[in-house]
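**Q** First, the structure itself, so that you have it in front of you.
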């Protein structure tokens, strides 16, 4: 067996910032630290922080008044921020700056009287937060069939935005369908799908040509990880999404396969290495890392934590 280890893979800058923020918050404020929704969509990360004393909640009513709460990387709506203020919570906002960009675009378009078509997955934390910025102005579309059901006047102001973790190919198809039906629809100055999502998809698209099997490390509720598995299958490969080695079925492999191994943007490198070690041990696999692009993106910590680090209260 040969393992083709894709790069880039794993943590993006937004996930790294959010995870570091929660680590530092636990260090400074002690536990319990409350987190609104999963800090990132990865079960390994969530369980690791639960063991450290983080409490993940789906409603702010579960957080005691005056406590510290950290908003996850996926962002929250203005309504949630207001509830946090009402309950006198000390809120640390670990929203990915690329998600914040989409929020700001939604606010801008709504103020200018546009109807906004948001391309994304219903119920995803990021979509809920973005729609909360201007619920009266945003219509959600999940696929090309949804585009066919839209009706807007020809003189209406129309713009589209996208969830940051979509499949680039899927988003492109939906955008083309939108432009065909509504040629006057406006787009954001810079596309919304994040650099890391695009880079990981590009790596799978290119490197899967050399493999028989695509193994993606990530959780089932991770949108960008699901897209990587789907992309592998679209390339005609056997593709599987796993949280870790405990999810691997030996019957997937013949023993002489070339396996493309990658990880979604919220999956830790430690789990990648555990998977590599398992495949090497079980199948005497060799490992070849193949980088298709370099990533050197870093996002600053949320303001409260930046100040603490600056004051010397915390050591990064």
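**Q** Surrounded by 17 or more Cβ atoms within 10 Å (Cβ to Cβ) and assigned to a helix (DSSP H, G or I): is that true of residue 118 in this structure? Break it down into steps so the answer makes sense when it comes.
**A** Numbers: surrounded by 17 or more Cβ atoms within 10 Å (Cβ to Cβ): yes; assigned to a helix (DSSP H, G or I): no.
Judged against the criteria, residue 118 is not a match.
**Q** Okay, moving on. Within region 254-271, work out how many residues are surrounded by fewer than 20 Cβ atoms within 10 Å (Cβ to Cβ), in contact with a strand residue (DSSP E or B) (Cβ under 9 Å, 6 or more places away or on another chain) and at pLDDT 95 or above.
**A** 2
**Q** Still on this model: Being under 19 Å from residue 171 (Cα atoms) and either in contact (Cβ under 8 Å) with a residue 60 or more places away in the chain or in the same structural domain as residue 57 (by TED's automatic domain parsing) (or both) is true for just one of 92, 117. Which residue is that?
**A** Values: 92 fails: under 19 Å from residue 171 (Cα atoms).
Result: 117 is the single residue among 92, 117 that is under 19 Å from residue 171 (Cα atoms) and either in contact (Cβ under 8 Å) with a residue 60 or more places away in the chain or in the same structural domain as residue 57 (by TED's automatic domain parsing) (or both).
Conditions tested, residue by residue: (1) surrounded by fewer than 21 Cβ atoms within 10 Å (Cβ to Cβ); (2) at pLDDT below 95.
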| site | (1), (2) |
| --- | --- |
| 127 | no, no |
| 132 | yes, no |
| 162 | no, no |
| 165 | no, yes |
| 188 | yes, yes |
| 197 | no, yes |
| 208 | no, no |
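**Q** Right, something else. Determine, yes or no, whether residue 27 is within 30 Å of residue 282 (Cα to Cα) and not assigned by TED's automatic domain parsing to the domain that holds residue 244.
**A** no
**Q** Do we have residue 65 as more than 23 Å from the chain's Cα centre (by Cα) and more than 24 Å from residue 309 (Cβ to Cβ) here? Break it down into steps so the answer makes sense when it comes.
**A** Details: more than 23 Å from the chain's Cα centre (by Cα): yes; more than 24 Å from residue 309 (Cβ to Cβ): yes.
Criteria met by residue 65.
**Q** Let me spell it out: the conditions are (1) within 23 Å of the chain's Cα centre (by Cα); (2) touching a residue at least 60 places away in the same chain (Cβ under 8 Å); (3) crowded, with 20+ Cβ neighbours inside 10 Å, and residue 241 meets all of them except one. Which number is the exception?
**A** For residue 241, the exception is condition (2).
The values are calculated or read from the model by the stated rules, or taken from the named source; none is laboratory data. In this text, all values refer to a predicted model and were calculated from it rather than measured experimentally. Cβ sites come from the backbone with ideal geometry, for glycine too, and all protein chains shown count toward neighbours.
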